[in-house]
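Reviewing the structure listed below.
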Amino acid sequence: MRAVVQSEAGGTDTLRIDTVDTPEPSPTEVQIKVAAAGLNRADIMQRQGFYPPPPGTSDILGMEVSGTISKLGSDVESWALGDEVCALLPGGGYAEYVTVDAGLVMPLPAGVDLITAASLPEVSCTVFSNLYMTADLQFDELVLIHGGTSGIGSHAIQVAKSHGSRVATTARTADKLEFCRELGADILINYAEEDFAETLAPHGADVILDIIGAKYLSRNVSTLAVGGRLVIIGMQGGTKGELNIAELLTKRASVAATNLRGRPLPGPDGKREIVSATVDFTWPKIGNGDIRPIVDRTFDITEVAAAHDYLDSGQAIGKVLLTL
């Protein structure tokens with residue numbers, strides 16, 4: 001099969017299309033003929049050598065796909081050959097075929113086509129697990145979502161609004177902020193011109209979903225309301241920061257850092273549970289129009305270097321996809 005391979009960590013010039021062995025499903029897995037794969041910041045970090053795949057998984061990039069089930073493991077009864085699906089992966093998505101645990105496979109939401117569905121697994125599972133399973137976001141609470149036009153941010157705004165929460169978000173240009181308003185954001189913060197902590201004072205945010213990391217740590221803590229919950233899911237702004245424990249104690253606030261890719265399959269907060277809960281919560285809201293997938297651009301798999309450059313440029317609003 002064709003796949004994107006990489007001989008060494010580095011820039012987009014290290015990516016090339018080559019022929020590799022087609023993976024065969026284990027008894028609990030399915031094989032999917034890939035129609036499209038979603039790009040994520042984690043793919044860029046892995047390409048650069050900063051985010052290795054979990055042990056025992058494919059070193060091919062790609063953590064989400066859509067496609068058609070082409071083979072079934074001997075123990076799989078929940079899916080059938082020919083089913084159109086999307087799936088959350090630990091890796092391997094930039095290829096013509098992938099194998100994945102049957103519990104990480106999802107049906108297409110009503111009204112979503114096969115290509116667009118590749119934009120959903122990673123963002124939907126990340127957003128639901130962090131806003132609700134970790135942060136326990138409640139109706140009418142204020143959530144601050146950093147990077148409102150990213151794949152995560154554009155999905156999170158819609159999910160939180162559909163659940164009755166108030167949403168503040170950050171972006172760097174007027175057109176991106178206007179897009180966030182169209183998605184439902186209530187408070188728009190241009191991070192190039194405003195301090196989000198000052199803008200949200202004096203109450204602050206009940207929940208903060210942060211893709212930046214160290215660069216925002218101290219201001220995020222300052223922004224938390226009493227009883228607030230900061231959930232860090234990215235490291236775009238570095239990995240080491242100073243934490244003001246006294247401020248956390250005063251506010252009775254908490255900081256959590258989570259990772260979806262490295263979680264175990266079974267058990268509480270395992271990936272199978274997250275996938276199942278996400279489909280139950282989010283898919284009906286997509287079906288009735290409360291949440292819509294946001295796809296900025298699609299690239300053919302042969303244009304993988306250009307796709308990475310585009311995602312890395314910060315121009316994208318929503319998701320970037322590779323099609324096969």
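Values as computed for the structure displayed
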{"read-out": "Where a residue in region 86-100 is under 11 Å from V4 (Cβ atoms) and its partner, wherever it lies, is basic (K, R) and surrounded by fewer than 24 Cβ atoms within 10 Å (Cβ to Cβ), with Cβ under 8 Å and at least six apart", "value": "A95/R2; E96/R2; E96/K33"}
{"read-out": "Counted residues, region 42-85 - those being part of a loop (DSSP other than H, G, I, E, B) and hydrophobic (A, V, I, L, M, F, W, C)", "value": "8"}
{"read-out": "Residue in region 93-132 that is farthest from D18 (Cα to Cα), counting only those that are assigned to a helix (DSSP H, G or I) and over 15 Å from the mean Cα position of the chain (by Cα)", "value": "G103"}
{"read-out": "Where T169 falls short, out of the listed (1) in a helix (DSSP H, G or I); (2) under 19 Å from A135 (Cβ atoms); (3) not basic (K, R)", "value": "(1)"}
{"read-out": "Breaking point among (1) assigned to a loop (DSSP other than H, G, I, E, B); (2) closer than 19 Å to G314 by Cα; (3) of a type outside the set (D, E, K, R), for A156", "value": "(1)"}
{"read-out": "Subset of region 206-227 [among the aliphatic types (A, V, I, L, M), crowded, with 21+ Cβ neighbours inside 10 Å and either over 18 Å from A156 (Cβ atoms) or out of contact with any Gly (no Cβ under 6 Å at 6 or more places or on another chain) (or both)]", "value": "V207, I208, L209, L217, V221"}
{"read-out": "Region 47-101, residues that are of a type in the set (D, E) and either surrounded by 19 or more Cβ atoms within 10 Å (Cβ to Cβ) or closer than 20 Å to L120 by Cβ (or both)", "value": "E64, D83, E84, D101"}
{"read-out": "Residue among S162, S129 that is in contact with a helix residue (DSSP H, G or I) (Cβ under 8 Å, 6 or more places away or on another chain), assigned by TED's automatic domain parsing to the domain that holds V207 and farther than 15 Å from V231 by Cα", "value": "S162"}
{"read-out": "Region 285-324 - residue that is out of contact with any strand residue (DSSP E or B) (no Cβ under 9 Å at 6 or more places or on another chain) and either part of a loop (DSSP other than H, G, I, E, B) or free of Cβ contacts under 8 Å to residues at least 24 places away in the same chain (or both) and, of those, surrounded by the fewest Cβ atoms within 10 Å (Cβ to Cβ)", "value": "S313"}
{"read-out": "Residue in region 104-115 that is out of contact with any helix residue (DSSP H, G or I) (no Cβ under 8 Å at 6 or more places or on another chain), touching a residue at least 60 places away in the same chain (Cβ under 8 Å) and among the small types (G, A, S) present", "value": "no"}
{"read-out": "Residues (buried (at least 17 other Cβ atoms within 10 Å of the Cβ) and either within 16 Å of A42 (Cβ to Cβ) or among the acidic types (D, E) (or both)) located in region 237-263", "value": "L260, R261, R263"}
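The values are calculated or read from the model by the stated rules, or taken from the named source; none is laboratory data. Just so it is clear, the model here is predicted, and its values are computed rather than measured. All Cβ positions, even for glycine, are placed from backbone atoms using ideal geometry, and neighbour counts span all protein chains on display.
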